[in-house]
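The values are calculated or read from the model by the stated rules, or taken from the named source; none is laboratory data. This is a predicted model, so every value here is computed, not measured. Cβ atoms come from the backbone with ideal geometry, glycine included; neighbour counts cover every protein chain shown. All accessible areas refer to the heavy atoms of the entire protein, side chains included, with ligands and DNA or RNA removed. Shrake-Rupley method; radii C 1.70, N 1.55, O 1.52, S 1.80 Å.
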Amino acid sequence: MTTSFGLLTDLNEHPGLPTFGVTNPATGKELVRLTDHDAQSAARFADSSFKAFQSWRHTTAFARSQLLRRWFERMLAGIDELAQAISAEMGKPIQEARGEVMYAAGFAEWYAEEAKRLNGETFASQHRHKRLHTLRQPVGPVYAVTPWNFPAAMITRKVAPALAAGCTVIVKPAEQSPVTAVLLERYWREVGGPEGTFQVITSNRPAQVSAVFFADSRIRKLTFTGSTEVGVHLYQQSAKTLKRVSLELGGHAPFIVFADADIQRAAEEIVQCKFRNAGQTCVCTNRIYVHRSIMAPLLDALSTKVVALKLGDPALADTQIGPLVDRHGLNKVVEHVEDAVSKGASIVVGGQRQSGLYFQPTILRDVAPGMRIMEEETFGPVAPIIPFDDEDEVIAAANDTPFGLAAYVWTRDLETVHRLSEQLDYGIIGINDGTPSTPQAPFGGMKASGIGREGGHWGIEEYLDTKFVSVGLAQR
Ligand code: SIN
């Protein structure tokens, strides 16, 4: 089958097995068919992962580092192919998809370096004849369940640290966007990644496939990015074989603009934060609190920028807003806007669905507690604006949510910066920065937003066990 990014027929690597279709959300047409693995296949993936782990765990950190470096370079060489795959399978505008590939490759680069810095410690004993130290060792084969909104970066953010630590990994990509995952696995094999170290299991029956890994005590860790609801379920399933767990779950990010903020910059960064990936990002702001004294100029600056956003075919270089990923996603956005308007919010810009899966970039004002948009993640291009009068009030409102992933603060006052950084219950705080994510920093949330951190030196800890070694010497 020929698509906007070439011939895809060779992506189905298990001819003879059943397949499922991947749809391009911009056209509604089938892009490719991939293998629909079942429970029996999953058991074979687990065997292969366990077998590969027996040798991969004993490779040197330097050897793993070199392979990861080569994987990083292969991603850079494949940037056009990867970006086109991301864009075609989930609707991300092509320029943004290129940015995602760079971000994704950055995790392979970072962990290629970090692999060599897994140091144990020696520490003192109260006995003259004892020597105490720790070893850092891989936890074992890992099962990774990844989301559709970042088909490259959410895979490398898990796979790169796992491989660097000496773990093997099975990735189950989202049914909506598995093509990029298949390409990433292929690149890993091309650069010499040993068989079974990194495998992608494509499947349209996630529960059946996952059940095999949850029941298998050889799989020692689950890492998941997705909704809180699914995360809780997978956490419970993992308990059966007491797996290590990392969960990157939903968010409901507040973006607080104080009266002394640089209004033009704040408006520009609201656009970046809210409208990237058409609002389908866990760290997208979902509540924009604006000090009442600057409401008019902020709304003016923001409206000018939002009206100018170009909605259209994600394959075109100047498109800034693509379609929502599927009908379910679009319906949620429509419902959130209708609910807010029925309860007193007004539409400043946009507010309408377009043909297909598109929704206009939208600004809502006079948004208030009690509206669905104030409680649930919209995952769409809608910016709800809420006025506030004082700092204590806005901190309380920002923290009044089960979620705690990312929060943003706009001010030029150093004391406000420190007070808000300390008092907001969120894992990531952007101060005059609407896009803080980067491979070397810890990414993760508090409360219902998850457990554990990805990225930086924190990210590799999740794949390591600490072993204590006590050496008793002969007493002399
Ligand atoms: C996500 O939506 O989970 C990832 C966003 C990011 O890494 O910035």
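Listed values, structure above:
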quantity	calculated
Long-range Cα-Cα pairs in the stretch 279-338 (distance over 13 Å), rounded percent	75
Label zone at GLU422, where the point sits 7 Å out along the Cα-to-Cβ direction: the stretch 379-412 residues whose backbone N lies under 15 Å	392
Carbon plus sulfur fraction of accessible area for the chain, probe 1.4 Å, in percent	52
Surface/4 estimate of mean projected area, convex hull on alpha-carbon atoms of the stretch 253-438, nm²	10.0
The chain, helix-only ellipticity at 222 nm - DSSP H runs n ≥ 4, -39,500 (n - 2.57), divided by all residues, nearest 500	-12000 deg cm²/dmol
Rg in Å to one decimal, and Dmax rounded to a whole Å, for the stretch 318-383 via C-alpha atoms	11.4, 37
Per-q log10 I(q)/I(0), the stretch 35-74, q = 0.26 Å⁻¹ (Debye; single scatterer per alpha-carbon; no solvent)	-0.82
Extreme residue, positive dipole direction of the stretch 253-438, given options LEU302, LEU357, CYS284 (C-beta unit charges)	LEU357
P(r) of the chain over all Cα-Cα pairs, binned every 10 Å from zero, in whole percent	4, 20, 28, 25, 15, 6, 2, 0, 0
Residue pairs, from the table LYS51/LYS221; LYS116/LYS447; LYS305/LYS343; LYS343/LYS447; LYS51/LYS172; LYS274/LYS332, whose Cα atoms sit over 23 Å apart	LYS116/LYS447; LYS305/LYS343; LYS343/LYS447
Inter-label distance, nm, simple model (7 Å from Cα along the C-beta direction), ALA368/ILE347	2.1
For the chain, accessible area per residue (1.4 Å probe, heavy atoms of protein chains only), Å²	40
Calculated P(r) of the stretch 52-161 - Cα pairs past 24 Å, %	40
Model label zone, SER355; criterion: amide N under 16 Å from point 7 Å along Cα-to-beta-carbon; scope the stretch 286-323	311-314, 323
Estimated FRET transfer efficiency when R0 is 22 angstrom, pair ASP433-LYS29 (beta carbons, to 0.05)	0.05
Where VAL306, VAL341 fall by accessible area, highest first, once all protein chains stay in place (1.4 Å)	VAL341, VAL306
C-alpha long axis of helix 295-307 to longest principal axis of the chain, angle in °	70
Degrees between helix 94-114 axis and first principal axis of the chain (Cα, 0 to 90, nearest 10)	30
Along principal axes, Cα extents of the stretch 413-457, largest first, whole Å	30, 22, 18
Dipole moment magnitude, nearest 20 debye, the stretch 392-457 about Cα centre, only Lys, Arg, Asp, Glu C-beta charged	260
Stretchable slack from LEU17 to THR122, in nm (0.36 nm times residue separation minus alpha-carbon distance)	32.6 nm
R0 of 45 Å, Cβ-Cβ distance MET446-GLN475: FRET efficiency to nearest 0.05	0.35
Inter-label distance, nm, simple model (7 Å from Cα along the C-beta direction), ASP260/SER227	4.2
Dimensions in Å of the stretch 360-462 - Rg and Dmax from alpha carbons	14.9, 44
Efficiency of FRET from Cβ geometry, VAL191 and GLU113, R₀ 25 Å, rounded to 0.05	0.90
